[in-house]
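Below is one structure, written out as structure tokens, with a few remarks after it.
What follows is calculated from the coordinates using simple rules that are stated; it is not laboratory data. Bear in mind the structure is a predicted one, so any value in this text is a computation, not a measurement.
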Amino acid sequence: MYCAEEPIAALLPGMQWYGDIGTCDVSLTTCERLVARTGSMVLSSAAGRVPSVYAPVHVCVAFTSQLVYEIDDAVKATQQKYGSRLPSLITLATGPSRTADIEKTLVVGVHGPKEVFCFLIDDQG
């Protein structure tokens, strides 16, 4: 398992972290927001560009305080968080990629991880 974000890695004391994203099986990241309506994670380059798309399995750790209803709420919250210093990449992820370009057969996980998981931690209770 690979994690470049020290605060998230600290949530799992005693875990053996793998130092090479290029050959790891699982990457662990945070997100900017979670969008309830679409089930999407708003990811940014603040957590790194590679970890959420390179490993075969992506695990996102998020908090209930990051949950918003609509995509525009997520964009506004991200703009407020960073002001004029927005990350160079902000993207939405709603599960593994899907394509039916190859002979009209659905293929999952062609671009990015084949499996995506999100662990939601209640930080408002």
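The phi torsions of segment 49-54, fed into the Karplus equation with coefficients 6.51, -1.76 and 1.60 and a -60° offset, translate into couplings of 7, 8, x, 7, 10, 8 Hz, rounded to whole numbers, with Gly and Pro shown as x. Taking amide H atoms as placed 1.01 Å from N in the peptide plane, the amide H of Ile121 lies under 5 Å from those of Ala62, Phe63, Thr64, each 5 or more residues away in sequence or on another chain.
Cα centroids of segment 61-97 and segment 1-41: 16 Å apart.
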